[in-house]
Amino acid sequence: MTIRTIASRRVLLADGSVEDTTVTIEGGRIAAVGNACRGEEWDVGDAWVLPGVIDLHGDAFERQMMPRPGVHFPMDLALLDTDAQLVSNGITTAYHGVTYSWEPGLRGRESTVGLKAALEAVKPQLACDTRFHLRHETYNLDAEAEIMGWLDEGSVDLLAFNDHSDIILDRILVKGKSTATYTARTGLSHDAFVDLLHRVAERKAEVPASIDRLAAAAVAKGVALASHDDHTPDMRRRYHSVGCRIAEFPMNTPTAETAVALGDPVICGAPNVVRGGSHLGADGILAAREVREGRCTILVSDYYYPSLVQAPFVLARSGDARFADAWALVSANPAAAAGLDDRGLITEGRRADLAIVQEGGTGPVRVVGTLVNGRAVHRTEIARTI
């Protein structure tokens, strides 16, 4: 059995302290913290030794599947490419946010079922612990029975309720914006897409009962539940009442405050932190402010994997959070929200999921090593010399 000891002058421990110490790994677990070397030693000097990053919501893999509108690549190839991106950015557990929509094409049934099968098939080849986060468009009523089956068989790791139909209707029919984004990913003409949108919206009255049934099934199976883009406090209370205890991207301060009052973890996007604002412009919230004022407890990669390892350092440098608290946003907190009690902290008995991060100056940090379940899955040439 391989035993490895990592020595560093900056190890982030479970109590939030930073120590000059060692972490010993045996059988994929952290066997000891602070004892003398018990095997091969890797001295990383001043590089940080941190709990591996846990990403509860990332969908950037869609760009590997369809890098340009209408240009498709095999799903297994896309997932392998994504895996390399994940571990090179210190992400050791990743929930791929797969949107199952009433739209055909990239987010339709054929693509969702195919991606789910491809993920299950390629998992043995993946370095990152990769999981299935089903983002269910609530107006996709015809998919309910199928999703029930997936929940029953245990193949859904996290279920999120989304509704983008109202937003799309507003953009196209009220504001008169182009349908180009939707026609590109669905393969439909403008008129065909608008016609489909109307037919979907007509079934609005059926949606609440479908949500209730799916939520009850997920709770019964112990599957973590989230709601996406809650617009109002009442919407957050409604989802909380059916077992959705994770608030993904609440759209405004009152809604986020309601989630906090209910004791629900609140997710914001790491790209928002790194960019200094939302991709929605003035309509979006500022994630750094939400962290600083206690309304954000988890960060996710959303659409850009490299942002997740960078965001805690950005928050700490700007004074929006202590570094230990900032790193918890991408490690201990998402682990707790998803029910992953075997990872997220550097302490004896936890999985040896670790990120070795080199920080220099005020620029981007660099992940020089990543361990998943004790196995080194990413190690740069720089890391070999420090």
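A few notes on this one:
- Within the listed set LEU225, LEU134, LEU13, the Gaussian network model of the chain (springs between alpha-carbon atoms below 10 Å) gives the highest mean-square fluctuation for LEU13.
- Our Cα-only numbers for segment 177-281 put the radius of gyration and Dmax at 16.8, 45 Å.
- Isotropically averaged projected area of the chain, using the convex hull of Cα atoms (one quarter of hull area), nm²: 18.9 nm²
- Comparing ILE356, ILE246, ILE172 in a Gaussian network model of the chain (Cα springs below 10 Å), the most mobile by mean-square fluctuation is ILE172.
- Spherically averaged projected area in nm², based on the convex hull that wraps the Cα atoms of segment 216-344: 7.7 nm²
- Scalar couplings 3J(HN,Hα) for segment 177-188, obtained by applying the Karplus form with A = 6.51, B = -1.76, C = 1.60 to θ = phi - 60°, are 7, 5, 8, 4, 4, 6, 5, 5, 8, 9, x, 8 Hz; x denotes Gly and Pro.
- Charge tally in the Cβ shell below 14 Å around VAL71, where Lys, Arg are +1 and Asp, Glu are -1, VAL71 excluded: +2
- Using the Stokes-Einstein relation with a Kirkwood hydrodynamic radius computed over Cα pairs, the translational diffusion coefficient of segment 127-187 at 37 °C and a viscosity of 0.692 mPa s comes to 236 µm²/s.
- The average projected area of segment 102-255, computed from the convex hull of its Cα atoms over all directions, is 10.3 nm².
- Stokes-Einstein diffusion coefficient of segment 219-264, Kirkwood radius over Cα pairs, 37 °C, 0.692 mPa s, in µm²/s: 321 µm²/s
- Spin-label model distance (nm) - ASP234 vs ASP152, 7 Å beyond Cα toward Cβ: 3.5 nm
- When only alpha carbons are used to place a centre, segment 5-68 and segment 308-386 end up 6 Å from one another.
Values quoted throughout were computed directly from the atomic coordinates according to the rules given, and no laboratory measurement underlies them. Remember, predicted model here, so these are calculated numbers, not experimental data. Cβ sites come from the backbone with ideal geometry, for glycine too, and all protein chains shown count toward neighbours.
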